[in-house]
Amino acid sequence: MITMATDMQARQLIKQVPPVTANLNFEGTDTITLPFPAAGWEVVQPFVGANLYLVWRGYIDLAGYTQDDLTFFTQAVDVQHGPLDLSSGLTNNVTFDLVTTRRIRDSEVGLFQGFLPSTSTPCLDIQEVIYGEWANRTPYAQTIPSLTNVSAGTVGTGNPTASDRLHITRIVASFGTGAADTLYLGGTNFVIGGVTGHEKDLVYIERLRRAYTQDPGRNV
């Protein structure tokens, strides 16, 4: 929905995702362990028998805007990645970086494998995805093993939001053949540029209604 807003002010939102080192086992029952403290990173299995995923979830607090009845209009999102290194047993790695109006639940994590939210995706509605990007990587063996992109894409509507939070999510799926493989993900910066402004009362009230009724557990 395109609406007119007043008192527009430029804003920049920043969220930093810390680096993580993970030990991967692809023989027998897959396992992922985190040998070093990794704030916010967790190993998620969406359901029994599903693949394991490395997941980081956080948010940017917009409560100061909502207290002033302001809508945030996203204009640009830049996801800046640190280095990504691996040991020799990893054969494929897929990452998803998401900016959403609600929190991604454990049960939804595995649904991103192979596709991103659309009208046919049985988890997030596309209107809940402000921005998302994915990348599929395979090993590129030189002196030091690393990963190179083989395909990538973006998704998202950039919808204005009156929610009190923007949710940031990184989902990492890894596949391989070894029993003692290591994956290192450098830190990631989410830099979001936009503006805030006051909308007409009826438009803003409807946007608030959607923000607070779309998912009762959005901030859990």
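Residues in the stretch 192-210: is at least one under 22 Å from A38 (Cβ atoms) and either modelled with pLDDT under 90 or touching an Asp or Glu at 6+ places or on another chain (Cβ under 9 Å) (or both)?
Residues of the stretch 192-210 that are under 22 Å from A38 (Cβ atoms), as a first pass: none.
No, there is no match, as no residue in the stretch 192-210 is under 22 Å from A38 (Cβ atoms) and either modelled with pLDDT under 90 or touching an Asp or Glu at 6+ places or on another chain (Cβ under 9 Å) (or both).
For the stretch 150-205, name all the residues that are among the hydrophobic types (A, V, I, L, M, F, W, C) and not in a strand (DSSP E or B).
Kept after step one, since they are among the hydrophobic types (A, V, I, L, M, F, W, C), are these residues of the stretch 150-205: 150, 152, 155, 162, 166, 168, 171-173, 175, 179-180, 183, 185, 190-192, 195, 202-203, 205.
Once the filter is applied, which keeps residues that are among the hydrophobic types (A, V, I, L, M, F, W, C) and not in a strand (DSSP E or B), the stretch 150-205 yields A162, A179, A180, L202, V203, I205.
For the stretch 57-93, which residues satisfy the criterion of being modelled with pLDDT under 90 and in a strand (DSSP E or B)?
L84, D85, L86, L90, T91, N92, N93
Among residues belonging to the stretch 46-56 that are buried (at least 19 other Cβ atoms within 10 Å of the Cβ) and out of contact with any helix residue (DSSP H, G or I) (no Cβ under 9 Å at 6 or more places or on another chain), point out the one that is modelled with the highest pLDDT.
W56
Residues T169, T161, T154: which one is surrounded by fewer than 20 Cβ atoms within 10 Å (Cβ to Cβ), in contact (Cβ under 8 Å) with a residue 12 or more places away in the chain and either among the aliphatic types (A, V, I, L, M) or at negative phi (or both)?
Details: T169 fails: surrounded by fewer than 20 Cβ atoms within 10 Å (Cβ to Cβ); T161 fails: surrounded by fewer than 20 Cβ atoms within 10 Å (Cβ to Cβ).
Within the list T169, T161, T154, the selection yields T154.
Applying the selection to the stretch 10-31, what residues are surrounded by 13 or more Cβ atoms within 10 Å (Cβ to Cβ), of a type in the set (V, I, T) and without any contact (Cβ under 8 Å) to a residue 40 or more places away in the chain?
T31
Listed here are the residues, each with its yes/no results for (1) closer than 30 Å to Q127 by Cα; (2) under 20 Å from the mean Cα position of the chain (by Cα); (3) in a loop (DSSP other than H, G, I, E, B).
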| position | (1), (2), (3) |
| --- | --- |
| F36 | no, no, yes |
| E42 | yes, yes, no |
| P46 | yes, yes, yes |
| V55 | yes, yes, no |
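If L13 meets every condition in (1) at pLDDT 95 or above; (2) within 19 Å of I171 (Cβ to Cβ) apart from one, which number is that one?
Going through the list (1) at pLDDT 95 or above; (2) within 19 Å of I171 (Cβ to Cβ), L13 breaks only (2).
Restricting attention to the stretch 94-110, which residues are under 21 Å from L84 (Cβ atoms), assigned to a strand (DSSP E or B) and of a type in the set (V, I, T)?
Correct list: V94, T95, V99.
Within the bounds of the stretch 180-196, is there any residue that is surrounded by 14 or more Cβ atoms within 10 Å (Cβ to Cβ) and more than 30 Å from V94 (Cβ to Cβ)?
Yes, because at least one residue in the stretch 180-196 is surrounded by 14 or more Cβ atoms within 10 Å (Cβ to Cβ) and more than 30 Å from V94 (Cβ to Cβ).
The values are calculated or read from the model by the stated rules, or taken from the named source; none is laboratory data. None of the values given here were measured: they were computed from a predicted structure. Backbone-built Cβ (ideal geometry, glycine too); neighbour counts: all protein chains shown.
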